[in-house]
Amino acid sequence: MNNTPLVQLENVSRIYQQGKVQVAAVTEFSIHLQAGEFSVLCGPSGSGKTTILNLIGALDEPSLGTVRLEGRDLAELGRSALARLRRDRIGFVFQSYNLNSVLTAFENAEFVLALQNIPSAERRKRVMDVLGEVGMAELAERRPDELSGGQQQRIAIARAIVSRPAIVLADEPTANVDSATADAILDLMERLNREQGITFLFSTHDQRVMDRARRLIHLRDGRLEHDEVRG
Amino acid sequence: MQIVSFALRNFNRSRTRTWITIGAMAFACAIMIFYASLLEGWLAAMEKNGVGMDLGEFQVHAKGFRDDPDLYKRIGDEENVLARLGENGFVAAPRLYASGLVAAGNASSGVELRGVDLAREQLVTSLDQHVWQGQWLDDQDQEGVVVGRKLARILALTVGDEVVVVAQGADGSTANELFRVRGILQSVAQGVDRSGFFMTSATFRRLMIVPHGVHAIVVKRGLAGEDLDTATTRLARLLPVYEVRNWRQLQPVLARLFNMSDISLVIMLLITYAAVGILTLNALLMSVFERIPEFGVMKALGFSPWGLFAMIVVESMLQVTVAVVLALGAGLPFALYFSRHPIDFSRFVQSSSTIAGIAFDARWYCVVTVNSVVLPILFLYLVASLAILYPALKAAMLKPLSAIYHR
């Protein structure tokens, strides 16, 4: 059995230059995530949650330290290799959904599979299966502007999981939806984690999300404050 | 194929801008197809006047004749030469030349006497179809001559007038004879217009006491599509004891004018398309900038930098292709119409105007050629490719995170 953590962050710091001032978004942060976890990065605004998600998702580079995904040091990968890694191993759920407005729900969910050059028939089957999983099969031909916020977030989740990634990174997934929709989305993610073994890492300060997490990683001012693993 | 599929989906997302850009490209391309066809037509008319009326495609002379035209420097075995040319796929006609003086009434003028083999000459030039007044020569009419248009004006000649020719015959005697003007040519070329004095070769031989030989053999390619230089080399090898020149060598000024015309077309293409290129660049830049967050998400989801570059290039090439189809639909019928109905500039251009010594035809026809259609299209693709390079590279180099949050 492979004991290599899915995600390894070792002494990671991320410092941004804002004009003449340097701002440390994350400072000497270390953490390991195992496959199958359902974890939450929590903390107040500006505590570095989104920055850590971006670093794990290969969207940003650390100023110091090392980020590894499935044992691979991301700093050693070029732009194209990072693009392939994001395409094949990482699913993203953005706070503001970020669906493509000219594509239908089906096409948005299909996007990553198309990039992977999956044959059309298999793509259709997998997308319809996933849209069924998130309860959006009947709205597959609608465009984002014809869907509610919750429905758009479900499509974003479908897009994130359809390629069977190693990890789904979800940035404030319940921030823009009502309570009922938030509960439904969390139910869905919990079920996908439980039944399909997909690893989820959220950033949030929503108590409902924190209540469901099996691991809470508390952040403050860009530093690890407390790592709480629940039974 | 996914790249094309993504590009197709984006094609019509900003309809007004897309169709304005396509419209501008189509308009410019259609105009350039028409202009290039008009230029081809103008060049064809010049070539017809210069080459098809007078020079012929090639001329064969006895060595030294070109540098020092002399009544005695003749091709002695012309029938043998003509037969060999015919066997090798060339069409040819012999000519005789001499200098003389022509008088009519109180006026006189130096002329170039030209003896023409009527049956063969019409195979290499179409001078016989270029008579302005009267008729072309006739073998049965030994007194009849045809003169250039300007010469007729200088001597105040009209059809039917008598003219006296004085020259020195090949035997040293004075050649002196009365002729009657049978026809006056349309404007052909400066030399022909000013001093062309045409008669049958039999009349010439009798007048100038030249029983044998010819001064020039005018040759035309029999093989369709054979390159001029290749045919010149072949001809020179076939007739090594004679001087062989093609029309570009015989009329270097005209040849340069033709080369310059190609350059002028390219310059016109560059100027016209530069304006289109700026418009296209602006539209494409706007299209890229307003989609930066979307590109960021696409990259976050795994779209490769070069995939994005290719998608943007394909998007613009799709626009160019639609523009080309529209341009062909508009420009080609326009050019084809004017290939049958000339634009008449005769109000503004004198009938005897010449360029590089060749008569300038005041009626401009379009001639639609592969070149006149393909060149504007290729240039449009080239300019659009250059215009898209910067926005596409910019999109390819975007960092996904900064692109997603770009405002």
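The values are calculated or read from the model by the stated rules, or taken from the named source; none is laboratory data. Only a predicted model underlies this, so the values are computations on that prediction, with no experimental measurement involved. All Cβ positions, glycine included, derive from the backbone under ideal geometry; neighbour counts span all protein chains shown. Surface areas here come from the heavy atoms of the whole protein model, side chains and all, with no ligands, DNA or RNA. Shrake-Rupley method; radii C 1.70, N 1.55, O 1.52, S 1.80 Å.
For the residues B:Ala236, B:Ala387, B:Ala119, a GNM of chain B with alpha-carbon springs under 10 Å puts the largest fluctuation on B:Ala119.
Taking every residue in A:77-87 and counting other chain Cβ atoms within 10 Å of its Cβ, the average works out to 4. Contact-buried residues of the range A:114-142, at a threshold of 10 Å² lost accessible area versus the chain by itself: A:Ala114, A:Leu115, A:Asn117, A:Arg123 (1.4 Å probe; DNA, RNA and ligands ignored). Partner shielding of B:301-313 amounts to 5, given as the average count of beta-carbon atoms from other chains within 10 Å of each residue beta-carbon. The C-alpha atoms of chain A define a longest principal axis, and helix A:179-196 lies at about 90 degrees to it.
Working from Cα pairs under 8 Å separated by at least six residues, relative contact order for the range B:1-160 is 16 percent.
For chain B, the relative contact order comes to 27 percent (Cα pairs under 8 Å, sequence separation of at least 6). For the set B:Glu290, A:Glu122, the ranking by accessible area, highest first and with no ligand, DNA or RNA atoms included, is B:Glu290, A:Glu122 under a 1.4 Å probe. Once all protein chains are placed together, B:Phe27 keeps about 140 Å² accessible to a 1.4 angstrom probe. Applying 1/(1 + (r/R0)^6) with r as the Cβ-Cβ distance of A:Val21 and A:Glu225 and R0 = 25 angstrom yields a FRET efficiency of 0.55. Computed over neighbours whose Cβ is under 12 Å from that of B:Lys73, the net charge equals -1, Lys and Arg +1, Asp and Glu -1. Each residue was assigned an accessible area with a 1.4 Å probe, and for A:Ser148 the value is about 60 Å².
Using the rule -39500 (n - 2.57) for each DSSP H run of four or more residues, divided by the residues of chain B, the 222 nm mean residue ellipticity is -17000 deg cm²/dmol.
Peptide A:93-104 has a mean shielding of 3, counted as Cβ atoms of other protein chains within 10 Å of each residue's Cβ. Entry note, chain A: the mean residue ellipticity at 222 nm calculated from DSSP H runs of n ≥ 4, each adding -39500 (n - 2.57), is -11000 deg cm²/dmol after division by the residues and rounding to the nearest 500.
Against chain B, whose longest principal axis is taken from its Cα atoms, helix B:15-47 shows a tilt of about 10°.
Across the options A:Gly135, A:Val7, A:Ile52, the greatest Cα extent toward the positive end of the charge dipole of chain A (unit charges at beta carbon of Lys, Arg, Asp, Glu) belongs to A:Val7. Taking a ≥ b ≥ c as the square roots of the eigenvalues of the alpha carbon gyration tensor, chain A is prolate, as a/c is not under 1.5 and a/b beats b/c. Shape analysis of the range B:126-227 places it in the oblate category; the axes a ≥ b ≥ c from the Cα gyration tensor give an a/c of at least 1.5, with a/b not above b/c. For the range B:112-153 and the range B:180-235, write down the distance between their C-alpha centroids in whole Å. About 10 Å separates the Cα centre of the range B:112-153 from the one of the range B:180-235.
Tell me the carbon and sulfur percent of the accessible area for the range B:64-240, rounded to whole percent, probe radius 1.4 Å.
With neighbouring chains kept in place, the figure for the range B:64-240 is 47 percent.
Of all DSSP bridge pairs formed entirely within chain B, close to 85 percent run antiparallel. Pairs of Lys residues in the protein assembly as shown that lie 8 or more places apart, or on two chains, and have C-alpha atoms under 19 angstrom apart add up to 4.
With a 1.4 Å probe rolled over the protein heavy atoms of all chains, the accessible area of A:Asp60, B:Asp68 falls in the order B:Asp68, A:Asp60, largest first.
Please compute the net charge surrounding A:Val229, taking Lys and Arg as +1 and Asp and Glu as -1 over other residues with Cβ under 11 Å from its Cβ.
0
What is the list of residues in the range B:1-31 whose amide nitrogen lies under 20 Å from a point 7 angstrom out from the Cα of B:Ile278, following Cα to Cβ? Answer for the range B:1-31: B:17-18, B:20-31. Taking every C-alpha pair closer than 8 Å and separated by at least 6 residues, the mean separation divided by the residue count of the range B:64-240 gives a relative contact order of 30 percent. When the Cα centres of the range B:305-339 and the range B:9-39 are compared, how far apart do they sit, in Å? Between the Cα centres of the range B:305-339 and the range B:9-39 lies a distance of 7 Å. Of all DSSP beta bridges confined to the protein assembly as shown, the antiparallel ones make up roughly 70%. B:Asp344 to B:Ala103: FRET efficiency via 1/(1 + (r/R0)^6), r the Cβ-Cβ distance, R0 30 Å, to the nearest 0.05? For B:Asp344 and B:Ala103, the calculated efficiency is 0.20. Taking label points 7 Å from Cα along the Cα-to-Cβ direction, B:Ser173 and B:Leu389 give a separation of 7.6 nm.
Simple spin-label estimate for A:Arg191 and A:Ser13 gives 4.6 nm between the two label positions (7 Å along the Cα-to-Cβ direction from each Cα). Of the listed residues B:His61, B:His212, the order by accessible area with a 1.4 Å probe, largest first, is B:His212, B:His61.
Once the C-beta distance of B:Asn371 and B:Arg15 is scaled by a Förster radius of 35 Å, the resulting FRET efficiency is 0.50 to the nearest 0.05.
Rounded, prolate or oblate: which fits the protein assembly as shown, taking a ≥ b ≥ c as square roots of the Cα gyration tensor eigenvalues, rounded meaning a/c under 1.5, else prolate when a/b beats b/c? Since a/c reaches 1.5 and a/b is larger than b/c, the shape of the protein assembly as shown is classed as prolate. Quick one: helix B:305-340 against the long Cα principal axis of chain B, what's the angle to the nearest 10°, folded into 0 to 90? Approximately 30 degrees, to the nearest 10.
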